[in-house]
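**Student:** This is the structure I have questions about; it appears just below.
The values are calculated or read from the model by the stated rules, or taken from the named source; none is laboratory data. Source: prediction; values computed, not measured. Backbone-built Cβ (ideal geometry, glycine too); neighbour counts: all protein chains shown.
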Amino acid sequence: MKKHVVASTAEIPPGARKLVTVAGRPIVIFNLDGNFFGLFNRCPHNGGSLADGIVTGLVRSTEPGTYTYCRRGEVVRCPWHGWEFDIRTGQSFCRPGDLKARQFNIEVADGRDIVEGPYVAETVSVRTEDNYIVVEV
Amino acid sequence: MALIDDRQNEPAAQRIDCDIHPSVPNCAALFPHLDDHWREMSIVRGIDDLHSANYPDNTPLTVRPDWKPAHGRAATSAEAIAGQCLDPSGSTLAICNCLFGIQTLYSEDLAGAYAKALNDWVRTEFLDKDARLRASIIVSLDSVEMAVEEIHRCAADRRFVQVLLLVATAQPLGKRHFWPIYEAAVRYDLPIGIHAGSEFRNPPTPMGWPSYYLEDYVVNAQSFQSQLTSLFCEGVFNKFPTLMVVMLESGWTWLPAHLWRMTKYWHGLRMEIPWADRSPAEVVKDQIRFSLQPIDGPGDVDQMRRLMDHIGTDDLLVYSSDYPHNQFAGADVFHETFTRDEIRKLTRDTPLATYPRLRSASS
Ligand code: FES
């Protein structure tokens with residue numbers, strides 16, 4: 001496993017996402033209120049691109065006819081067949097426990113640390129004064 | 001001729017037939033149970049019979065040839081049912097699902113009066129005459145309030161073990177408007193039986209009116225599929241987690257393909273019906289049962305075995321002869337594929353697990 005620098009934090013503001021390719025793998029990185037999450041960009045159902053799915057909330061219900069909309073912005077819906085995934089965990093909501101979008105560890109590192117290594121920063125030029133998103137692959 | 005073979009030879013075994021059909025000979029038979037006003041209205045208006053196109057008298061499906069009397073309808077008396085169905089098959093209990101067309105009456109009051117008369121007729125002519133008989137409460141859905149009242153009235157007699165609806169209704173059965181019926185059913189330990197047939201409020205097919213009876217009958221399977229989908233999507237099984245629904249004369253080999261489609265679209269459209277917290281297959285396993293006849297599967301034993309394993313029929317089927325309808329020949333009510341254990345399950349264990357009121361009868 002290597003730590004890859006994929007973007008500066010400024011490139012993915014809260015609510016935004018970015019598709020990156022790390023060691024040949026497409027990974028979509030989401031910023032939820034300053035926390036970063038990475039999902040393999042192939043829907044575990046049939047391979048749809050989660051980077052192209054709408055980001056939405058979770059609708060829950062205690063009984064028929066009641067709708068509670070919660071966790072706004074924390075769910076991504078696959079554009080192909082509409083399966084919903086928890087951006088924080090990759091968990092699917094239609095088959096929880098049984099089906100998950102693969103997750104990647106994301107951390108935020110200080111530019112000064114990155115310059116010292118051991119990071120791979122092939123496509124991102126690192127400046128000591130910025131923070132960077134690092135994916136472990 | 002006895003309707004049993006070796007696989008079914010278990011001395012003292014319970015054998016519960018979940019779908020038999022007493023026939024009303026004509027409206028006059030119900031007159032003793034009709035209020036004066038409705039009796040007179042029936043005579044004055046000339047309502048002497050309720051012919052519906054669900055089971056026309058002369059259609060081969062309606063009566064098996066060897067059960068057809070020289071005159072009139074089959075199964076009009078407890079003696080006929082005993083002699084042709086219960087005795088030869090060794091049934092210890094049988095549920096009468098009377099299909100006299102009261103659901104096709106368009107006046108709420110008339111339909112209500114006839115439903116009441118019909119239930120009382122079944123009680124007097126069948127339940128009181130043969131201790132093996134049980135019955136479904138017949139209701140008209142035109143007035144949900146009256147249907148609930150009728151359930152309440154009949155439920156005091158525990159020989160009524162189910163509420164019976166026809167599959168092709170004016171509106172999909174999941175609609176909340178019908179829920180008081182389900183609430184009453186649960187309260188009185190009554191499954192909801194949904195039987196093939198139409199109220200004739202809509203054309204039998206979504207494309208309109210077909211030309212032939214064959215089309216009417218075949219399309220029943222699609223109606224069952226639509227009702228299953230509606231009950232699932234509208235959340236009836238979530239609202240009433242102890243409700244049992246029994247699909248009668250529905251066929252059941254269509255289940256895998258239908259569940260596949262439902263599950264696929266539920267995965268993608270879950271957010272529309274967020275209360276649906278179980279997959280359609282789980283809901284079917286927990287709360288829906290199917291009557292054995294008609295067996296709409298392949299004749300070949302191995303193919304049938306594969307199909308049954310795929311569906312997981314083990315706990316899903318309840319035995320039905322569908323007497324006097326013409327679904328099987330001779331004594332061949334079970335497909336060759338069914339094993340002795342499976343037969344025991346569907347003639348006894350599953351009916352008892354499905355119908356709480358049969359449990360008290362058999363203990
Ligand atoms: S590929 Fe994502 S839902 Fe089918």
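**Student:** Would you confirm whether or not region A:24-37 contains a residue that is part of a loop (DSSP other than H, G, I, E, B), away from every other protein chain (no Cβ under 14 Å) and either over 30 Å from B:Trp275 (Cβ atoms) or touching a strand residue (DSSP E or B) at 6+ places or on another chain (Cβ under 6 Å) (or both)?
**Tutor:** Looking for residues that are part of a loop (DSSP other than H, G, I, E, B), away from every other protein chain (no Cβ under 14 Å) and either over 30 Å from B:Trp275 (Cβ atoms) or touching a strand residue (DSSP E or B) at 6+ places or on another chain (Cβ under 6 Å) (or both), one finds at least one in region A:24-37, hence yes.
**Student:** A further question follows. Kindly indicate whether B:Thr263 is away from chain A (no Cβ under 14 Å) and touching a residue at least 12 places away in the same chain (Cβ under 8 Å).
**Tutor:** In short, no.
**Student:** Give the number of residues within region A:39-62 that are part of a loop (DSSP other than H, G, I, E, B), at the interface with chain B (Cβ under 9 Å from one of its Cβ atoms) and without any contact (Cβ under 8 Å) to a residue 24 or more places away in the chain.
**Tutor:** Residues in region A:39-62 being part of a loop (DSSP other than H, G, I, E, B), at the interface with chain B (Cβ under 9 Å from one of its Cβ atoms) and without any contact (Cβ under 8 Å) to a residue 24 or more places away in the chain: 2 in total.
**Student:** Is it the case that some residue within region A:33-40 is touching a Lys or Arg at 6+ places or on another chain (Cβ under 9 Å) and either under 17 Å from A:Pro79 (Cβ atoms) or within 15 Å of the ligand (Cβ to nearest atom) (or both)?
**Tutor:** yes
**Student:** Quick check on this structure: which one of A:Asp52, A:Asp86 is surrounded by 18 or more Cβ atoms within 10 Å (Cβ to Cβ) and at pLDDT 95 or above?
**Tutor:** Answer to the check: A:Asp86.
Results for (1) modelled with pLDDT of 95 or more; (2) within 14 Å of chain A (Cβ to nearest Cβ), shown as yes or no for each residue.
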| position | (1), (2) |
| --- | --- |
| B:Leu259 | yes, no |
| B:Pro274 | yes, yes |
| B:Ser279 | no, yes |
| B:Ile288 | yes, no |
| B:Pro298 | no, no |
| B:Leu307 | no, no |
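**Student:** Here is a further query. If you take the residues of region B:78-110 that are in a helix (DSSP H, G or I) and of a type in the set (Gly, Ala, Ser), which of them is farthest from B:Asp130 (Cα to Cα)?
**Tutor:** Here the answer is B:Ser89.
**Student:** Restricting to region A:63-85, give me the number of residues that are more than 11 Å from chain B (Cβ to nearest Cβ) and more than 14 Å from the ligand (Cβ to nearest atom).
**Tutor:** Number of matching residues: 4.
**Student:** In region B:284-322, what residues are part of a helix (DSSP H, G or I) and over 19 Å from the mean Cα position of the chain (by Cα)?
**Tutor:** B:Val301, B:Asp302, B:Gln303, B:Met304, B:Arg305, B:Arg306, B:Leu307, B:Met308, B:Asp309, B:His310, B:Ile311, B:Asp314
**Student:** Same structure again: Exactly one condition in (1) crowded, with 23+ Cβ neighbours inside 10 Å; (2) within 12 Å of B:Ser250 (Cβ to Cβ); (3) not charged (D, E, K, R) is false for B:Gln225; which is it?
**Tutor:** Of (1) crowded, with 23+ Cβ neighbours inside 10 Å; (2) within 12 Å of B:Ser250 (Cβ to Cβ); (3) not charged (D, E, K, R), only one is false for B:Gln225: (1).
**Student:** Still on this structure, please answer the following. What residue, of B:Ala113, B:Ala156, is surrounded by fewer than 19 Cβ atoms within 10 Å (Cβ to Cβ), hydrophobic (A, V, I, L, M, F, W, C) and at pLDDT 95 or above?
**Tutor:** It is B:Ala156.
**Student:** Quick check on this structure: which one of B:Leu164, B:Leu133, B:Leu190 is in contact with a Gly (Cβ under 7 Å, 6 or more places away or on another chain) and surrounded by 24 or more Cβ atoms within 10 Å (Cβ to Cβ)?
**Tutor:** Exactly one residue qualifies, and that residue is B:Leu164.
**Student:** What are the residues in region B:174-212 that are under 20 Å from the mean Cα position of the chain (by Cα) and of a type in the set (Ser, Thr, Tyr), if any?
**Tutor:** The answer is B:Tyr182, B:Tyr188, B:Ser198.
**Student:** Here's another thing I want to ask about it. Of everything in region B:12-46 that's of a type in the set (D, E, K, R) and not in a helix (DSSP H, G or I), which residue is surrounded by the fewest Cβ atoms within 10 Å (Cβ to Cβ)?
**Tutor:** My answer is B:Asp35.
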